[in-house]
Amino acid sequence: MAQSVWGYDRENGPEHWHENYPMAKGDKQSPIEINSKDVRHDSSLAPWHASYDPGAAKTILNNGRTCRVVFDDTFDRSVLRGGPLIGAYRLRQLHLHWGSADDHGSEHVIDGVKYAAELHLVHWNPKHGNFAGALKQPDGVAVVGVFLKVGKTPKPEMKRILEEIDNIKTKGKEAPFQHFDPSILFPKSRDYWTYHGSFTTPPCEECVTWILLREPIEVSPDQMARLRSLSKNGENEPMCPLVDNWRPLQPVKGRIVRASFK
Ligand SMILES: NS(=O)(=O)/N=C1/NCCS1
Ligand SMILES: [Zn+2]
């Protein structure tokens, strides 16, 4: 029985998504390549601020396509402000995209450079009532993207997420994940690029203000190996490594990418 749900395999991967999700062929799709020569420095761009409540963290889940941490977003408890945004956007979840080897795995590409992984912190604009309503609005969602590069020094702040991975090895596994402030994952620099795009997963709604941090965080080879030890299959199904859960580059179609830095 061919899988009907979307995924990253030949028969259900990114080249097929538009068959069930027509927005995947839109003019403001993500990810894109950021070419520094085309970026516009915008001195009017404000700094961004995340004020997250560690108590909002709830659970960590393997949904067969990524590893996701979900947060309580029933009120303005963990919010992102500033940058290109108007108002406070509520943190709903974070997840990652990664490759089968260290030389690829990120979704956005910077001047030809692919990182080993890309962390997404997903926030939505409460002026649109709820997350489902926000998906229909161009200013509905803000995703902060953090690039992961492999080096010698492990990122201790990643340990919390990676230690939980042993408990969510297979699809559908969920574990409590509390007392966690994801801002510890941010790099030192606040420099960012921003542009308007979409979710990189179906239905690929074009509701995202992307805020991509210029400075990658460094993780160790062991930490990447742990991420790659997740399985996309369920507990009693044949083992299938959860790797290469990234969407290929999409057409920029004349969009302007702004930088907060020179
Ligand atoms: N990878 S992504 O963050 O652009 N895609 C998403 N789909 C639903 C919530 S986040
Ligand atoms: Zn993502």
P(r) for region 1-41: what percent of alpha-carbon pairs falls in each 5 Å bin, starting at zero?
5, 19, 20, 18, 12, 10, 9, 4, 2, 1, 0
Computed magnitude of the charge dipole of region 1-88 (debye, nearest 20; Cβ of K, R +1, Cβ of D, E -1)
140
Computed magnitude of the charge dipole of the chain (debye, nearest 20; Cβ of K, R +1, Cβ of D, E -1):
480
Phi-based couplings in Hz for region 116-125 (Karplus 6.51, -1.76, 1.60; Gly and Pro marked x):
5, 7, 9, 9, 10, 10, 9, 10, 10, 8
For region 98-250, give the magnitude of the charge dipole about the Cα centre (Cβ charges: +1 Lys/Arg, -1 Asp/Glu; no others), in debye to the nearest 20.
120
3J(HN,Hα) from dihedral phi, region 55-61, Karplus parametrisation 6.51/-1.76/1.60, rounded to Hz, x for glycine, proline
x, 7, 5, 10, 9, 10, 9
Using only the Cα atoms of region 104-255, what are the Rg and Dmax in Å?
16.4, 47
Hey, any idea what % of the chain's accessible area is carbon plus sulfur with a 1.4 Å probe?
52
Most mobile of Arg228, Arg90, Arg160 per a Gaussian network model of the chain (Cα springs, under 10 Å)?
Arg160
Return the loop-located trypsin sites (Lys or Arg not before Pro) in region 5-67 (DSSP other than H, G, I, E, B) with at most 13 other Cβ atoms within 10 Å of their own Cβ; answer none if there are none.
Arg10
Residue-wise HN-Hα coupling along region 29-46, computed from phi with Karplus coefficients 6.51, -1.76, 1.60 (Hz; x: Gly, Pro)
8, 10, x, 10, 8, 9, 9, 3, 5, 9, 6, 9, 5, 10, 5, 8, 5, 7
Quotient of Cα Rg and 2.2 N^0.38 Å for region 66-126, N being how many residues it contains:
1.36
Relative contact order of the chain, defined on C-alpha pairs under 8 angstrom at six or more residues apart (%):
27
Please compute the modelled spin-label separation between Asp27 and Lys188, points set 7 Å along Cα→Cβ, answer in nm with one decimal.
4.2
Quick calc of log₁₀ I(q)/I(0), the chain, Debye, one scatterer on every Cα, no solvent, q values 0.08, 0.10 1/Å, result -0.29, -0.47
Rounded to whole Å and ordered largest first, report the semi-axes of the equivalent ellipsoid of region 170-262 derived from its Cα gyration tensor (root of 5λ).
30, 20, 14
Give me the 1.4 Å probe accessible area per residue for the chain, excluding ligands and nucleic acids, in Å².
46
Out-of-range pairs (alpha-carbon distance over 32 Å; input Lys127/Lys152; Lys58/Lys232; Lys171/Lys262; Lys25/Lys232; Lys25/Lys152)
Lys127/Lys152; Lys171/Lys262; Lys25/Lys152
Run the quick spin-label model on Arg10 and Asp76: label points 7 Å from Cα toward the beta carbon, then report their separation in nm to one decimal.
5.2
So how long is each side of region 18-81 along the principal axes, counting just the alpha-carbon atoms, biggest first, in Å?
41, 41, 19
Can you say what percent of the DSSP beta bridges in region 135-262, counting only those with both residues inside, are antiparallel? Round to 5.
55
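The values are calculated or read from the model by the stated rules, or taken from the named source; none is laboratory data. Owing to the predicted nature of the structure, the values given are computational and were not obtained by experimental measurement. All Cβ positions, glycine included, derive from the backbone under ideal geometry; neighbour counts span all protein chains shown. To get the accessible areas, we keep the full protein, side chains included, count just its heavy atoms, and leave off ligands, DNA and RNA. Shrake-Rupley method; radii C 1.70, N 1.55, O 1.52, S 1.80 Å.
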